[in-house]
Amino acid sequence: MFHWKPEYLHAFINERRPQRLFDIAVHLTQDLGMEFLGLNIRIQIATQTPRLFLYSNYPHEWIERYQRDELYKQDPAASLSHNSTMPVLWTDDLYREAPHFREAACQNGLRHGWTQSLHDLQHNESQISVARPTGTIGTTEFYGKAGSVQWLCHTLHAVLGEHHLSALCPSQPKMSKRELEVLKWSAAGKTAAECACILALSQSTVNFHMRSVITKTNAANKAGAIAIAAMRGWI
C-alpha cells in the first residue's frame, strides 16, 4: 500500500503558486508509483473561445508536439473524459482507432496510465493524466489509486482554475440577491410581469434589475445575459 509523504501533503494543501503547486503534485503522483503527470485546464469565458492551459512533466519533445499538433483532439482518453467523469484507463483497445497517437505516446514513456476529468458549475473542465513507461496497471491498482488521483484533480482544478479565471476576468461582476432571482425566473421562461408577481415586485422594478444584469454581464439583451449567467453557474 502506498503512503503519501506528510510533508508533500501539507505543502500541497497550503500552496497557491501555480507552478509550485503542480510540482508538488508531481511528487505525490510519483509516490503513487507513476512517473508522469499531465493536466489540461479548459476555462470557459462567456462569449469567448475557451482557453486551454497545460501543465505536465512529460518529455519536452512530446509537449511540443502535443501543443503544436493539438494532439488532444486525437486522444480517445481525452474525448471520453470530456463527456464523463469516470476514470479512463489507457488500453490498446482504447487506442485501436488512433494507433499513431498511441505509438508516439508510448515512445515518450506514456504507455500505462489513466485520465480523470472534472467539470464544474461554470462549465470549466480539468483533465488529469498519470502515466509510466512500464508496468501494466491491474484492476486492484487502478481502483485502489483512482480516488487519490481524483482528489489531486479536484485540488489542482480548484486552485489553478481560480488562478487562470481571475487572470482572464479580473473584475467579475457581483449580482445582488434580487438580480439573481430575476435571472432565475427569466431563465425559467417567465415574463417580466410574471416575475413581478412571483417576487412581489413591480414590473418596472423587475425591468430595472434585468437592465442592471445586462449591463454587468456586458450582454446584448436579456437572452444573452441569461446565457452568460448560466455559463458562469449563477443560475
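Quick notes on this structure:
- Full extension of the chain segment joining Cys106 with Ala220 gains 36.2 nm, where the gain is 0.36 nm per residue of separation less the Cα-Cα distance.
- Here each label is just a point 7 Å from Cα along the line to Cβ, and for Ala230 and Lys5 those points are 4.8 nm apart.
- For the chain, the longest principal axis of the alpha carbon atoms and the long axis of helix 177-187 meet at an angle near 80°.
- Computed over neighbours whose Cβ is under 15 Å from that of Gln74, the net charge equals 0, Lys and Arg +1, Asp and Glu -1.
- Positive-end residue of Leu183, Ala104, Leu121, charge dipole of the chain with Cβ unit charges: Leu183
- Its relative contact order, with pairs defined as Cα atoms under 8 Å and 6+ residues apart, puts the chain at 18 percent.
- Where Rh is the Kirkwood radius over Cα pairs, Rg/Rh for the chain: 1.09
- Relative exposure of Ile214, Ile13, judged by other C-beta atoms within 10 Å (fewest first): Ile13, Ile214
- Sites listed here are trypsin sites (Lys or Arg not before Pro) in segment 166-235 whose DSSP assignment is loop and whose Cβ has at most 15 other Cβ atoms within 10 Å: Lys174.
- Centroid-to-centroid, using Cα positions, segment 119-154 and segment 156-235 are 34 Å apart.
- Zone residues, segment 33-68, relative to Glu141, backbone N less than 13 Å from point 7 Å out along Cα-to-Cβ: 33-36
- Ser202-Glu61 pseudo-label distance in nm [points 7 Å out on the Cα-to-Cβ vector]: 7.3
- With the simple spin-label model, which puts each label point 7 Å out from Cα in the Cβ direction, the Ser84 to Thr134 separation comes to 3.1 nm.
- Across all Cα atoms of segment 177-231, the radius of gyration (one decimal) and Dmax (whole number) stand at 9.9, 28 Å.
- Ile13-Ala188 FRET efficiency (beta carbon distance; Förster radius 35 Å; 0.05 resolution): 0.35
- Each residue of segment 144-152 is assigned a 3J(HN,Hα), and the resulting list reads x, 10, 4, x, 5, 5, 4, 5, 4 Hz, derived from the Karplus form 6.51 cos²θ - 1.76 cosθ + 1.60 (θ = phi - 60°), x at Gly and Pro.
- Under the convention that each Lys and Arg Cβ holds +1 and each Asp and Glu Cβ holds -1, the size of the dipole of the chain around its Cα centre is about 1020 debye.
- Long-range amide H partners of His112 with built H, under 5 Å: Arg132
Throughout, read-outs are computed from the coordinates displayed, never taken from laboratory work. Everything numeric here is computed off the predicted structure, so don't read it as measured data. Methodologically, a virtual Cβ is constructed for each residue, glycine included, from the backbone with ideal geometry; neighbour enumeration extends over all protein chains shown.
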